[in-house]
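**Q** Sending over a structure as C-alpha coordinates; questions will come in a sec.
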Amino acid sequence: MATNITWHPNLSYDERKELRKQAGCTIWLTGLSASGKSTIACALEQLLLQKGLAAYRLDGDNIRFGLNKDLGFSAEDRNENIRRISEVSKLFADSCTTSITSFISPYRADRDKARELHKEAGLRFIEVFVDVPLEVAEQRDPKGLYKKAREGIIKDFTGISAPYEAPLTPELHLRTDLKSIEECAEIIHQYLINEKLI
(Lines give C-alpha, C1' and ligand atoms only; values in the text may rest on other atoms or scores of the structure.)
Protein backbone atom coordinates (compact mmCIF):
# COMPACT_ATOMS: atom_id res chain seq x y z
CA MET A 1 0.00 0.00 0.00
CA ALA A 2 1.38 3.40 -0.98
CA THR A 3 2.10 5.92 1.74
CA ASN A 4 2.66 9.68 1.71
CA ILE A 5 -0.07 10.25 -0.88
CA THR A 6 -3.04 12.61 -0.73
CA TRP A 7 -6.33 12.42 -2.63
CA HIS A 8 -6.84 15.65 -4.57
CA PRO A 9 -10.54 16.45 -4.96
CA ASN A 10 -11.79 18.02 -8.17
CA LEU A 11 -15.26 18.83 -9.44
CA SER A 12 -17.95 16.82 -7.72
CA TYR A 13 -19.82 14.16 -9.69
CA ASP A 14 -22.99 16.27 -9.55
CA GLU A 15 -21.15 19.33 -10.89
CA ARG A 16 -19.70 17.28 -13.74
CA LYS A 17 -23.09 15.72 -14.45
CA GLU A 18 -24.66 19.17 -14.75
CA LEU A 19 -21.90 20.42 -17.06
CA ARG A 20 -21.80 17.27 -19.21
CA LYS A 21 -25.61 16.85 -19.33
CA GLN A 22 -25.07 13.13 -18.84
CA ALA A 23 -24.84 10.75 -15.91
CA GLY A 24 -21.95 8.32 -15.72
CA CYS A 25 -22.30 4.59 -15.25
CA THR A 26 -20.57 1.30 -15.97
CA ILE A 27 -22.19 -1.29 -18.18
CA TRP A 28 -20.47 -4.55 -17.28
CA LEU A 29 -20.90 -7.19 -20.01
CA THR A 30 -20.06 -10.67 -18.71
CA GLY A 31 -20.35 -14.07 -20.36
CA LEU A 32 -18.44 -16.89 -21.98
CA SER A 33 -15.85 -16.36 -24.70
CA ALA A 34 -17.68 -15.98 -28.05
CA SER A 35 -20.96 -15.05 -26.35
CA GLY A 36 -20.97 -11.69 -28.15
CA LYS A 37 -19.79 -9.33 -25.39
CA SER A 38 -17.23 -7.40 -27.43
CA THR A 39 -19.49 -7.18 -30.48
CA ILE A 40 -22.35 -5.79 -28.38
CA ALA A 41 -19.96 -3.39 -26.65
CA CYS A 42 -18.77 -2.06 -30.04
CA ALA A 43 -22.33 -1.64 -31.31
CA LEU A 44 -23.46 0.08 -28.11
CA GLU A 45 -20.46 2.43 -28.05
CA GLN A 46 -21.13 3.46 -31.66
CA LEU A 47 -24.84 3.95 -30.96
CA LEU A 48 -24.20 6.20 -27.96
CA LEU A 49 -21.45 8.20 -29.68
CA GLN A 50 -23.69 8.76 -32.72
CA LYS A 51 -26.24 10.26 -30.33
CA GLY A 52 -23.61 12.71 -29.05
CA LEU A 53 -23.10 10.92 -25.73
CA ALA A 54 -19.76 10.24 -24.06
CA ALA A 55 -19.04 6.49 -24.10
CA TYR A 56 -15.88 4.44 -23.94
CA ARG A 57 -15.35 0.71 -24.36
CA LEU A 58 -12.89 -1.28 -22.25
CA ASP A 59 -12.36 -4.62 -23.95
CA GLY A 60 -10.85 -7.68 -22.25
CA ASP A 61 -8.34 -8.50 -24.99
CA ASN A 62 -7.38 -4.86 -25.65
CA ILE A 63 -6.71 -4.15 -21.97
CA ARG A 64 -4.29 -7.09 -21.85
CA PHE A 65 -2.12 -5.39 -24.48
CA GLY A 66 -1.42 -2.49 -22.11
CA LEU A 67 -2.74 -1.97 -18.58
CA ASN A 68 -2.89 -5.68 -17.76
CA LYS A 69 -0.15 -7.09 -20.00
CA ASP A 70 1.64 -8.39 -16.91
CA LEU A 71 -1.23 -10.72 -16.01
CA GLY A 72 -1.88 -14.31 -17.03
CA PHE A 73 -5.03 -16.41 -16.66
CA SER A 74 -4.61 -18.00 -13.24
CA ALA A 75 -7.44 -17.40 -10.75
CA GLU A 76 -5.29 -14.80 -8.96
CA ASP A 77 -4.44 -12.97 -12.19
CA ARG A 78 -8.07 -13.03 -13.30
CA ASN A 79 -9.02 -11.46 -9.94
CA GLU A 80 -6.42 -8.72 -10.37
CA ASN A 81 -7.46 -8.17 -14.00
CA ILE A 82 -11.04 -7.49 -12.90
CA ARG A 83 -9.97 -5.41 -9.89
CA ARG A 84 -7.99 -3.06 -12.13
CA ILE A 85 -10.81 -2.79 -14.66
CA SER A 86 -13.27 -2.08 -11.86
CA GLU A 87 -11.15 0.87 -10.78
CA VAL A 88 -10.69 2.18 -14.33
CA SER A 89 -14.36 1.84 -15.23
CA LYS A 90 -15.27 3.65 -12.00
CA LEU A 91 -13.05 6.58 -13.04
CA PHE A 92 -14.75 6.73 -16.45
CA ALA A 93 -18.19 6.61 -14.82
CA ASP A 94 -17.18 9.34 -12.38
CA SER A 95 -16.22 11.50 -15.38
CA CYS A 96 -19.88 11.17 -16.53
CA THR A 97 -18.98 8.80 -19.33
CA THR A 98 -20.85 5.59 -20.09
CA SER A 99 -18.12 3.03 -19.47
CA ILE A 100 -18.74 -0.21 -21.37
CA THR A 101 -16.69 -3.20 -20.25
CA SER A 102 -16.61 -6.57 -22.00
CA PHE A 103 -14.83 -9.14 -19.86
CA ILE A 104 -15.55 -12.79 -19.25
CA SER A 105 -15.13 -11.95 -15.55
CA PRO A 106 -16.00 -15.52 -14.55
CA TYR A 107 -16.26 -15.11 -10.78
CA ARG A 108 -19.32 -13.62 -9.07
CA ALA A 109 -17.23 -12.37 -6.15
CA ASP A 110 -15.10 -10.22 -8.46
CA ARG A 111 -18.14 -8.75 -10.19
CA ASP A 112 -19.75 -8.11 -6.80
CA LYS A 113 -16.63 -6.24 -5.70
CA ALA A 114 -16.80 -4.13 -8.86
CA ARG A 115 -20.44 -3.33 -8.11
CA GLU A 116 -19.62 -2.43 -4.50
CA LEU A 117 -16.78 -0.15 -5.61
CA HIS A 118 -19.22 1.79 -7.79
CA LYS A 119 -21.90 1.82 -5.11
CA GLU A 120 -19.49 3.30 -2.57
CA ALA A 121 -18.74 6.10 -5.04
CA GLY A 122 -22.45 6.72 -5.71
CA LEU A 123 -22.18 5.41 -9.27
CA ARG A 124 -24.44 3.04 -11.20
CA PHE A 125 -23.17 -0.43 -12.10
CA ILE A 126 -25.25 -2.32 -14.65
CA GLU A 127 -24.43 -6.01 -14.96
CA VAL A 128 -25.39 -7.46 -18.35
CA PHE A 129 -25.26 -11.23 -18.69
CA VAL A 130 -24.46 -11.98 -22.33
CA ASP A 131 -25.71 -15.53 -22.39
CA VAL A 132 -25.36 -18.25 -24.98
CA PRO A 133 -25.35 -22.04 -24.66
CA LEU A 134 -21.81 -23.44 -24.45
CA GLU A 135 -22.33 -25.47 -27.63
CA VAL A 136 -23.22 -22.30 -29.56
CA ALA A 137 -20.13 -20.50 -28.22
CA GLU A 138 -18.01 -23.47 -29.28
CA GLN A 139 -19.56 -23.47 -32.76
CA ARG A 140 -18.77 -19.76 -33.13
CA ASP A 141 -15.23 -20.00 -31.70
CA PRO A 142 -13.87 -17.07 -33.80
CA LYS A 143 -10.37 -17.31 -32.28
CA GLY A 144 -10.18 -21.11 -32.15
CA LEU A 145 -9.82 -20.99 -28.37
CA TYR A 146 -12.42 -23.64 -27.51
CA LYS A 147 -10.77 -26.07 -29.93
CA LYS A 148 -7.40 -25.46 -28.28
CA ALA A 149 -8.96 -25.83 -24.82
CA ARG A 150 -10.59 -29.15 -25.79
CA GLU A 151 -7.21 -30.34 -27.11
CA GLY A 152 -5.55 -29.38 -23.82
CA ILE A 153 -3.40 -26.70 -25.45
CA ILE A 154 -5.02 -23.92 -23.41
CA LYS A 155 -5.25 -24.60 -19.68
CA ASP A 156 -7.77 -22.95 -17.33
CA PHE A 157 -10.16 -21.99 -20.13
CA THR A 158 -13.48 -20.63 -18.86
CA GLY A 159 -16.40 -22.95 -19.54
CA ILE A 160 -14.16 -25.92 -20.34
CA SER A 161 -11.44 -26.39 -17.72
CA ALA A 162 -12.19 -23.36 -15.52
CA PRO A 163 -15.53 -22.30 -14.03
CA TYR A 164 -17.92 -19.58 -15.15
CA GLU A 165 -20.30 -18.37 -12.44
CA ALA A 166 -23.32 -16.88 -14.19
CA PRO A 167 -24.89 -13.77 -12.64
CA LEU A 168 -27.82 -14.49 -10.32
CA THR A 169 -29.60 -11.14 -10.64
CA PRO A 170 -28.16 -9.13 -13.54
CA GLU A 171 -29.87 -5.92 -14.55
CA LEU A 172 -30.14 -7.32 -18.08
CA HIS A 173 -29.97 -10.87 -19.45
CA LEU A 174 -29.31 -11.06 -23.20
CA ARG A 175 -29.44 -14.27 -25.24
CA THR A 176 -27.32 -13.68 -28.33
CA ASP A 177 -28.50 -16.93 -29.91
CA LEU A 178 -32.04 -15.49 -29.87
CA LYS A 179 -31.45 -11.78 -30.54
CA SER A 180 -29.23 -9.88 -32.97
CA ILE A 181 -26.32 -7.72 -31.84
CA GLU A 182 -28.25 -4.61 -32.85
CA GLU A 183 -31.28 -5.70 -30.81
CA CYS A 184 -29.06 -6.34 -27.78
CA ALA A 185 -27.41 -2.91 -28.06
CA GLU A 186 -30.82 -1.26 -28.35
CA ILE A 187 -32.10 -3.10 -25.25
CA ILE A 188 -29.20 -1.65 -23.24
CA HIS A 189 -29.76 1.78 -24.80
CA GLN A 190 -33.42 1.72 -23.79
CA TYR A 191 -32.47 0.62 -20.28
CA LEU A 192 -30.19 3.65 -19.96
CA ILE A 193 -33.01 5.92 -21.11
CA ASN A 194 -35.53 4.33 -18.74
CA GLU A 195 -33.10 4.70 -15.84
CA LYS A 196 -32.51 8.37 -16.79
CA LEU A 197 -28.78 7.77 -17.21
CA ILE A 198 -28.82 9.35 -20.67
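The values are calculated or read from the model by the stated rules, or taken from the named source; none is laboratory data. These numbers come from a predicted model, not from an experiment. Because the Cβ atoms are built from the backbone with ideal geometry, glycine has one as well, and the counts that use them run over all protein chains shown. These area figures cover heavy atoms from the full protein model, side chains too; ligands, DNA and RNA do not enter into them. Shrake-Rupley method; radii C 1.70, N 1.55, O 1.52, S 1.80 Å.
**Q** For Cα pairs less than 8 Å apart in space and 6+ apart in sequence, what is the mean separation divided by the residue count of segment 113-191, i.e. the relative contact order in percent?
**A** Computed over segment 113-191, the figure is 36 percent.
**Q** Starting from segment 42-82, pick out the chymotrypsin sites (Phe, Trp or Tyr not before Pro) whose DSSP state is loop and whose Cβ has at most 16 other Cβ atoms within 10 Å.
**A** Passing both the DSSP loop test and the Cβ count: 65, 73.
**Q** I need the phi-derived Karplus couplings for segment 176-186: 6.51 cos²θ - 1.76 cosθ + 1.60, θ = phi - 60°, integer Hz, Gly and Pro marked x.
**A** Running phi through 6.51 cos²θ - 1.76 cosθ + 1.60 with θ = phi - 60° gives 7, 8, 10, 10, 6, 4, 4, 5, 5, 4, 5 Hz.
**Q** Any idea what angle helix 75-94 forms with the longest principal axis of the chain, computed on alpha-carbon atoms, 0 to 90 degrees, nearest 10?
**A** On a 0 to 90 degree scale, this one is about 30.
**Q** Under a crude label model (7 Å from the Cα following the beta-carbon direction), how far is residue 191 from residue 120 in nanometres?
**A** 2.4 nm
**Q** Using Cα-Cα distances under 8 Å and only pairs 6 or more residues apart, what relative contact order does segment 45-198 have, in percent?
**A** 22 percent
**Q** Also, I was wondering about something else. I'd like the orientation of helix 108-120 relative to the chain: the angle between its Cα long axis and the longest Cα principal axis, in ° from 0 to 90, rounded to 10.
**A** Long axis of 108-120 versus the principal axis of the chain: about 10 degrees.
**Q** May I pose another question? Given that compact globular proteins tend to follow 2.2 N^0.38 Å, what is the ratio of the alpha-carbon Rg of the chain to that value?
**A** 1.04
**Q** Can you compute the FRET efficiency between residue 49 and residue 84 using 1/(1 + (r/R0)^6), with r the Cβ-Cβ distance and R0 = 30 Å? Round to the nearest 0.05.
**A** About 0.75, to the nearest 0.05.
**Q** Taking amide H positions as placed in the peptide plane 1.01 Å from N, state which residues far from residue 58 in sequence (5 or more) or on other chains have amide H under 5 Å from it.
**A** 100, 101, 102
**Q** In whole Hz and in residue order, list the ³J(HN,Hα) couplings for segment 11-20 that follow from phi through the Karplus curve 6.51 cos²θ - 1.76 cosθ + 1.60, θ = phi - 60°; x for Gly and Pro.
**A** Here the 3J(HN,Hα) series is 4, 6, 4, 5, 5, 5, 4, 5, 6, 7 Hz.
**Q** Another one. Quick one: net charge around residue 33, please, counting Lys, Arg +1 and Asp, Glu -1 for every other residue with C-beta under 12 Å from its C-beta.
**A** Within the 12 Å Cβ shell, the charges total +2.
**Q** Please list, in order, the residues from segment 89-125 whose amide nitrogen is less than 17 Å from a point placed 7 Å along the Cα→Cβ vector of residue 77.
**A** Answer for this model: 104-107.
**Q** Follow-up. For the chain, what is the accessible area per residue in Å² when the probe is 1.4 Å?
**A** On a per-residue basis, the chain sits at 54 Å².
**Q** Next question. Under 10 Å from the Cβ of residue 166, count the other residues' Cβ atoms, weight Lys and Arg +1, Asp and Glu -1, and hand me the total.
**A** After counting each charged neighbour, the total is -1.
**Q** Ignoring ligands, DNA and RNA, what percent of the accessible area of the chain is carbon or sulfur (1.4 Å)?
**A** C and S fraction of accessible area: 54 percent.
**Q** Taking K and R as +1 and D and E as -1, what net charge do the other residues with C-beta under 15 Å from the C-beta of residue 113 add up to?
**A** That works out to -1.
**Q** Using amide H atoms built in the peptide plane, which far-off residues or other-chain residues are under 5 Å from residue 25 H to H?
**A** Here the answer is 97, 98, 99, since their amide H atoms fall under 5 Å of that of residue 25.
**Q** Just check segment 1-83 against the gyration tensor rule for me: Cα atoms, a ≥ b ≥ c as the square roots of the eigenvalues, rounded for a/c under 1.5, and otherwise prolate or oblate depending on whether a/b exceeds b/c.
**A** Since a/c reaches 1.5 but b/c is at least a/b, the shape of segment 1-83 is classed as oblate.
**Q** What range in the chain is the longest one free of trypsin sites (Lys or Arg not before Pro) that are in a loop by DSSP and have at most 13 other Cβ atoms within 10 angstrom?
**A** By the stated rule (loop sites, at most 13 other Cβ atoms within 10 Å), 70-142.
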